[in-house]
1. Can you list residues from other chains, or at least 5 along the same chain, whose modelled amide H is less than 5 Å from the amide H of residue 89?
2. Assuming a ≥ b ≥ c are the square roots of the Cα gyration tensor eigenvalues, decide whether the range 13-67 counts as rounded (a/c under 1.5), prolate (otherwise, with a/b larger than b/c) or oblate.
3. With θ taken as phi - 60° and the coefficients 6.51, -1.76 and 1.60, list the Karplus ³J(HN,Hα) couplings across the range 93-107 in order, rounded to whole Hz; mark glycine and proline as x.
4. Label the range 1-124 by shape, choosing from rounded, prolate and oblate, from the square roots a ≥ b ≥ c of the eigenvalues of the Cα gyration tensor; if a/c is under 1.5 it is rounded, and otherwise prolate applies when a/b is larger than b/c, oblate when it is not.
5. Enumerate the lysines that residue 44 could reach by cross-link, defined here as Cα to Cα under 30 Å, with residues fewer than 8 away along the same chain left out.
6. Arrange the peptides 55-61, 66-72, 105-111, 23-29 so that the one whose residues have, on average, the most other Cβ atoms within 10 Å appears first.
7. Give the peptides 89-98, 32-41 in descending order of average Cβ contacts within 10 Å, highest first.
Amino acid sequence: MAETIRIACTGSDMLPLDQIEDFQSGLKRRGKKEVEQIITSILKFGFSFPFYVWNGTGHNYCLDGHGRLAALAELRRRGTSLPTFPVVYVDAADEAEAKQKLLRLNSQYGTMSIDSVLEFMDGLEIEGEELALPSGTLELDSSEMNTVASAGADEVGYHEKIEIIISASGDEEAEALYGEFVERGLKCRISTL
């Protein structure tokens, strides 16, 4: 039986995938693994977030949703029939303003700590490599994690080990983060990938 895509959100309009065009080009890179994670998410939870689209010069340029575009194109290649998708139109006077808005949309104006992620996940069932957080990938050392209990970073009662990969801008930042984590009582190491 062919996989079906459930639409789990609304937008101001509905468009077929072929009418939504790439806008960010090579701004953000994704490999096969990331596209597969997006496919898994769409199939598990439905298409849950509308595309943000700038209708510039008669084209529907995607400002937010490029990973979903790639995942949906891959699903179509595998034989999945695609519905139309919810979109929200974003106003921009020209291409330069649309690029400014895309950069702001992809900016991270805050940070997540181990404690804040654990607190937010309280009561959720999360599978191993299901999440890719802005500061890195939350990796668990088994393919499935049971219900997350309320626990601080030093009191992980539901699982033996949680690994978070953090990309640092250089040696100095990596050493500063390492020192901060050690000071908080966390076991950590620095690796170069």
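1. Excluding prolines and chain starts, which carry no amide H, the hits are 12, 53.
2. Cα axes put the range 13-67 in the oblate bin.
3. 5, 7, 4, 4, 5, 4, 5, 4, 5, 4, 4, 5, 4, 8, 6
4. Since a/c reaches 1.5 but b/c is at least a/b, the shape of the range 1-124 is classed as oblate.
5. Within the straight-line cut-off, residue 44 pairs with 28, 32, 33, 101, 161.
6. 66-72, 55-61, 23-29, 105-111
7. The most tightly packed comes first, giving 32-41, 89-98.
Every number here is computed from the coordinates shown, using simple stated rules; none is lab data. Keep in mind the model is a prediction, meaning the values are calculated, not measured. No Cβ is skipped: glycine too gets one built from the backbone with ideal geometry, and neighbour counts run over all protein chains shown.
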